[in-house]
Amino acid sequence: MEMIHTVVEHGRQAIVLIPEIALTYQTVMRFYRKFGDRVSIMNSRLSAGERYDQMMRAKRGEIDVMIGPRSALFTPFPNLGLVVIDEEHEPTYKSEQIPRYHARETAIQRAKEEDASVVLGSATPSMEAMYRARKGEYVLYEMRHRSRMQQMAKVYTVDMREELKNGNHTILSGKLQSLMEERLERGEQIILFLNRRGYSGFVSCRECGHVIQCPHCNVSLSVHKGGKMVCHYCGYEQPRVTRCPVCGSKYISGFRAGTQQIEEAVKKMYPQARVLRMDMDTTRGKEDYEQILSAFANHEADILIGTQMIVKGHDFPDVTLVGVLAADLSLHVGDYRAAERTFQLLTQAAGRAGRGNKPGEVVIQTYDPEHYSIETAKAQDYDAFYEQEIAYRKIMLYPPVWNMLVILCASKSEEAADAMAAELAAAADAYTGKNTKEKVYLVGPVDAAIAKVNDIYKKIIYLKAENYDTLVKIKNRTEVYARESRYYKNVTVMFDFNPVNGF
C-alpha cells in the first residue's frame, strides 16, 4: 500500500492483479479506505460496457489504481509506475485462450517498456519466480513472520487409512470433529476446504469397477442434486443410474466427496451450527462472492465450506480452525506441477487459521501423509519443499530448469488428428536435428490428458529444450509446416510455451 501511495504521490499509476474474483471484495475495501474513489475494479462479472467505462476513466486520468485479474494488466494508464501481482503463483495468471500469455512475463515486459516496477507477492512462490530469484534475476525480499507477529497455526496430518481401519466411515476424522466441537462451543469460526465441486464425484460400480463416463468426453460424469449426472467439460446431462450398465449390479454409487455432500453431513453432525457453502455452484451471480464472504466476516455463520476460492488470501481474524479434506486429491493427477500445486494449496489453507489474536490449528486429512509436499506443508517449510521439487525438475528437465513447448492437434476425426500430429512430430524432429546444436527432447504424439472433449479428439506433442528461443524457432517452423499439410483444414493446431494447466 505504501509503495502504491508513493507512486501515486509522484503522479503515476498502479495496477494490482489478483488471481480470483473471490478476493475482490476484501481487496477493494482496503484500497477504498486508502485511496477513495481514485480506485477502480475490473473483473469478468462486469459487462463489456462497464469494462469499457473503467478503461476510459483510466485513460482520462480519473483513477490512479486499477484492481483486477490478469486482463487488468492492459489498463491504458498514461504513466504507469507499478504493477503488483498478488498470489503470483496462481495458475489463473496464465491465459487459456489465444494469445496464451502469462501475466507475470507480460507485466515484466510492459514495465520495461514504460520504466515501471513489478512486485510479485506470494507466501508460496511459484517455482519459476523462486528459481529466477535464486539466480539473481529477481530481487528477493522475505517476510519470515506474520504481520503482527502472530504464531503460525499448529498443523496436524491425519492418515485417513487409519481412520477407516478404526471404523470411522465419515468424511471428518476424529481429530477434526473434536476440534470443531471445541470451536463451536467457544464461538470461533471454522473453514472446511475441499478441492472438488458438485454433489459428489464419479459414479462407479463396486462389483465390476465400471465408471459412468460422458459419451462425448473421456471424463466421468458427476452426480448433482435432482437425480442427474453432469459432465463438467461439455455440460452433457443424463438421469442418475441405479444399476450398473455392464454387470447389472445395484452397488453403483457416487464417490461422495462433494461440497454439497459435506455441507449436508456437517449440518447433520452439528445442527446448532450456521453453515455457508462457497463454490462454483453458489457463486454464479454477480454479487454472490461478496455476499457470502461479508456474511462470514460479519459472523453470520460459524462454518464456511468451499473449494479453492476460500483458501486464497482471505483474512478472517476469528477463524481458528481449518480442515483440509482429501488433501491429496490434487496430488495424483497427470501433471508435473501436482506436488507444487498441492503444497501451495495446503500452505495457503493453513495460512487462513489464527490470523487474529487467537492461535490457529489446521487438520490435513490425507491418504498419503509421507509425500514430501504434504510433510513440508505441515511444517510450513517452503525452502524444504523448493529444494526437493527443484531437484525433481532438474532430473526430469521440466520448467523452470528447462523450457517446454506443447503442440496440440485437435479434430473431429481421430485419424486426421493422429496423422497431423505424426507429421508435425516428424517435422519438428527433422528440423531440430539439422538446425539446433543443443539437445532437444521430443515426446509424442500422445493422447491429451482428456483425449476427447465434446467429440473432439486431442493429440499432444511435447518438446523440451534449455533455451526458450530454440523452442520459438521450432514452433515457427512447425507452424509453417502445419499450414502446408493436407490435413490443415480438418485439424486445429495450437501451441503453448511452458503450459500451466495443460490442454
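The values are calculated or read from the model by the stated rules, or taken from the named source; none is laboratory data. What you see is a predicted model; the values in this text were computed from it and never measured. Cβ: placed from backbone, ideal geometry, glycine included. Neighbour counts: every protein chain shown. Just so you know, the surface numbers come from the protein's heavy atoms only, side chains and all, with ligands and any DNA or RNA stripped out. Shrake-Rupley method; radii C 1.70, N 1.55, O 1.52, S 1.80 Å.
Within segment 48-63, is even one residue open to solvent by less than 50 Å² (accessible area, probe 1.4 Å) and within 23 Å of residue 87 (Cα to Cα)?
no
If you take the residues in segment 265-308 that are of a type in the set (Val, Ile, Thr) and not in a loop (DSSP other than H, G, I, E, B), which one is farthest from residue 50 (Cα to Cα)?
266
Exactly one condition in (1) buried (at least 23 other Cβ atoms within 10 Å of the Cβ); (2) touching a Lys or Arg at 6+ places or on another chain (Cβ under 6 Å); (3) of a type in the set (Gly, Ala, Ser) is false for residue 410; which is it?
Among (1) buried (at least 23 other Cβ atoms within 10 Å of the Cβ); (2) touching a Lys or Arg at 6+ places or on another chain (Cβ under 6 Å); (3) of a type in the set (Gly, Ala, Ser), the lone unmet condition for residue 410 is (1).
Return the only residue of 134, 100 being surrounded by fewer than 16 Cβ atoms within 10 Å (Cβ to Cβ), basic (Lys, Arg) and in contact with a Phe, Trp or Tyr (Cβ under 9 Å, 6 or more places away or on another chain).
Only one candidate qualifies: 134.
Under the condition of being among the aliphatic types (A, V, I, L, M) and open to solvent by less than 50 Å² (accessible area, probe 1.4 Å), which residue from segment 383-404 is farthest from residue 444 (Cα to Cα)?
Ranking the candidates gives 384 first.
Here are the criteria: (1) in a loop (DSSP other than H, G, I, E, B); (2) of a type outside the set (D, E, K, R); (3) buried (at least 20 other Cβ atoms within 10 Å of the Cβ); (4) modelled with pLDDT of 85 or more. Tell me which single one residue 323 does not satisfy.
Tallying (1) in a loop (DSSP other than H, G, I, E, B); (2) of a type outside the set (D, E, K, R); (3) buried (at least 20 other Cβ atoms within 10 Å of the Cβ); (4) modelled with pLDDT of 85 or more, residue 323 fails exactly one: (1).
What number of residues in segment 70-84 are open to solvent by less than 10 Å² (accessible area, probe 1.4 Å) and out of contact with any helix residue (DSSP H, G or I) (no Cβ under 6 Å at 6 or more places or on another chain)?
1
Just for strands (runs of 3 or more DSSP E) wholly inside segment 55-152: which have at least 1 residues that are modelled with pLDDT of 95 or more and of a type in the set (Gly, Ala, Ser)?
In segment 55-152, the matching strands (runs of 3 or more DSSP E) lie at 80-86, 117-121.
Looking only at segment 179-186, decide whether some residue is open to solvent by 50 Å² or more (accessible area, probe 1.4 Å) and either within 29 Å of residue 337 (Cβ to Cβ) or within 24 Å of the chain's Cα centre (by Cα) (or both).
Among the residues of segment 179-186, not one is open to solvent by 50 Å² or more (accessible area, probe 1.4 Å) and either within 29 Å of residue 337 (Cβ to Cβ) or within 24 Å of the chain's Cα centre (by Cα) (or both), which makes the answer no.
Filter segment 353-380 down to residues that are over 11 Å from residue 156 (Cβ atoms) and either open to solvent by 20 Å² or more (accessible area, probe 1.4 Å) or of a type in the set (Asp, Glu) (or both), then give me how many there are.
Here the count works out to 12.
Where residues in segment 1-30 are in a helix (DSSP H, G or I) and modelled with pLDDT of 90 or more, which of them is most open to solvent (accessible area, probe 1.4 Å)?
9
Only one of (1) among the acidic types (Asp, Glu); (2) closer than 18 Å to residue 102 by Cα; (3) open to solvent by 60 Å² or more (accessible area, probe 1.4 Å) is not met by residue 466, so which one is it?
So the condition that residue 466 fails would be (2).
Counting just the residues of segment 453-463 that are open to solvent by 30 Å² or more (accessible area, probe 1.4 Å) and in contact with a strand residue (DSSP E or B) (Cβ under 7 Å, 6 or more places away or on another chain), which one comes out farthest from residue 335 (Cα to Cα)?
So, considering only residues that are open to solvent by 30 Å² or more (accessible area, probe 1.4 Å) and in contact with a strand residue (DSSP E or B) (Cβ under 7 Å, 6 or more places away or on another chain), the one farthest from residue 335 (Cα to Cα) is 456.
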